[in-house]
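A short worksheet on the structure shown next.
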Amino acid sequence: MKKELEDRVQKAIDNFMQGYGCCQSVVTAFADLYGMDDNTAKKVAAGFGGGVARMRMMCGAVSGMVILAGLDCGQTEGADREGKSACYKVIQDLLAKFKERNSSIICADLLKLNKEDVAHSSYEASERTAEYYQRRPCVKKVESAAIIFAEYLEEKETKI
């Protein structure tokens, strides 16, 4: 992987370790490529943490890849079915790679939560402590999503 992309993967990891959510961490590592400033990227991605507002649905890091793919190849005309389909294919491929490498794209599954835990999940953000970082796989999922998106960018570049 190119050094620039390796640096972006490291930025995603660093973002997470500084307290940003999984989605924010991934999106802000690449958003400048699409003309998006850091604050806007953080705001756009803010609600996707914890599997969408801590509801433990799709992993925030995965949501970050979806946002980035939309920025990269999303269609801008409502009637552009071909453009929509092409973007959906890119996103499905990215999600398939994440699932292959991480067993799921669902936050609750990745955290090994049962339905009772998910049902009682609060909207209150977890405190980021040393114990939090030790017991949560989230930083590895952020890294994985950032690597997968970086690989996508490299593959795309080689096809040009």
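The values are calculated or read from the model by the stated rules, or taken from the named source; none is laboratory data. Quick caveat, the model's predicted, so the values are computed rather than measured. Using ideal geometry, Cβ is built from the backbone for each residue, glycine included, and neighbour counts are taken over all protein chains shown. Note: areas computed on protein heavy atoms with side chains; ligands, DNA, RNA excluded. Shrake-Rupley method; radii C 1.70, N 1.55, O 1.52, S 1.80 Å.
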Residue pairs, from the table Lys2/Lys97; Lys2/Lys99; Lys115/Lys140; Lys115/Lys156, whose Cα atoms sit over 30 Å apart: Lys115/Lys156
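Averaged over all directions, how much area does the convex hull of the C-alpha atoms of the stretch 63-104 cover when projected, in nm²? Intermediate values should be presented prior to the final figure.
Numbers: hull surface 11.5 nm².
Mean projected area for the stretch 63-104: 2.9 nm², to one decimal.
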Bins of 5 Å from zero: percent of alpha-carbon pairs in the chain: 2, 9, 18, 22, 21, 14, 8, 4, 1, 0
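Show me the GluC sites (Glu not before Pro) within the stretch 53-100 that DSSP assigns to loop and that have at most 10 other Cβ atoms within 10 Å of their Cβ. Don't jump to the answer; show the numbers that get you there.
Working: sites: Glu77, Glu82, Glu100; in loops: Glu77.
Here the sparse-neighbourhood loop sites are Glu77.
What do you get for trypsin sites (Lys or Arg not before Pro) in the stretch 96-141 restricted to DSSP loop and a cutoff of at most 16 other Cβ within 10 Å of the site's Cβ? Each step should come with its number before you reach the end.
Numbers: sites: Lys97, Lys99, Arg101, Lys112, Lys115, Arg128, Arg135, Lys140, Lys141; in loops: Lys112, Arg128.
Those satisfying the criteria are Lys112, Arg128.
Using only DSSP helix segments of four residues or longer, with each worth -39500 (n - 2.57), what per-residue ellipticity at 222 nm results for the chain after dividing by its residue count and rounding to 500?
Only helices count here, giving -20000 deg cm²/dmol.
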Protein accessible area in the chain, 1.4 Å probe - carbon and sulfur %: 52
√(5λ) per eigenvalue of the Cα gyration tensor, the stretch 46-140, largest first, Å: 29, 14, 12
Cα centroid separation - the stretch 1-53 against the stretch 141-160, whole Å: 14
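Rounded to the nearest whole Å², what accessible area per residue is found for the chain with the 1.4 Å probe? Show your work: numbers first, answer last.
Values: 9190 Å² over 160 residues.
Heavy-atom accessible area per residue stands at 57 Å².
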